Amino acid sequence: MIDSNATGSLIGATVLDPNGDKIGKVGQIYVDPQDGHLEWASVSTGLFGTSESFVPLEDATFAGEQVHVSYDKDFVKDAPRIEPEGAFSPEEEQQLYTYYSRDYSPAAQSNDTESRTTDATVGHDTSGPNTDSAMTRSEEQLHVGTEQVQTGRARLRKYVVTEEQNVTVPVTHEEVRLEREPITDANAADALSGPDISEEEHEVVLTEERVVVEKETVPVERVKLDKETVTEQQHVSENVRKEEIELDTDGRDTTTR
């Protein structure tokens, strides 16, 4: 059992389950009005601590700003939702006792509707129940952090596509051209070297260029997958509560912070 004198240090402490998993942070402490022992703690759970659940402190231990409770994280988060303001009603307290399988004896409770008081909102000092004339004013502080979550996957995949390429290539070919030249002194000997009248045939081989297509696979570039971290600003807005203490002097209320 946690010493009631440690109440002030418990506010804001980290609550861990038996497996060491973080449940949340202590918001308020509820004490037994009969003997002043610490009975319940409200724990801020959910994203950014937007929800609160109650957990018994009967078997809890406190060391190094950490509160170790004997209930699993999910079990605590599923506890009955009760607004952590002021004292429990008998019905609310019975719900919590039933959920945590603890013995509940209505006859042992005070006839006053405030059968359990919270150290953070009503008149019990953090140094112990009714030990002096001071009270502690508390307020919620907003702690905003970040967590890494997986948003997707990226992969490189290559596939084959076929496209048509049009290339213009110059090609040459030979054609027959008939040339006539008159008999001159320069060519007379060649012209008269044969018989006077005869039949004769000459053959000329014609050639042309034809387009030949070959394909060659060559590497053109390397593509690799990389990632970079981009920082952007996101604004978070959340309501926080704080206590104020009023000084009542001769019917005049003076609010002090």
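Nothing in this text is a laboratory measurement; each read-out follows from the coordinates by a stated rule. These numbers come from a predicted model, not from an experiment. Backbone-built Cβ (ideal geometry, glycine too); neighbour counts: all protein chains shown.
The table that follows gives values for the structure above.
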item: Loop-located trypsin sites (Lys or Arg not before Pro) in the stretch 159-248, at most 16 other Cβ atoms within 10 Å (DSSP); result: Arg177, Arg180, Arg210, Lys215, Arg222, Lys224, Lys227, Arg241
item: Fewest-first sequence of Asp190, Asp185 by Cβ atoms within 10 Å of each Cβ; result: Asp185, Asp190
item: Relative packing of 21-29, 197-205, which averages over residues the other C-beta atoms within 10 Å, highest first; result: 21-29, 197-205
item: Loop-resident sites, the stretch 26-76, for GluC sites (Glu not before Pro), counting at most 16 other Cβ within 10 Å (DSSP); result: Glu58, Glu65
item: Label-point separation, Tyr99 to Glu200 (7 Å along Cα→Cβ), nm; result: 12.4
item: Net lengthening on full extension, Lys158/Leu142 (0.36 nm per residue, minus Cα-Cα); result: 0.9 nm
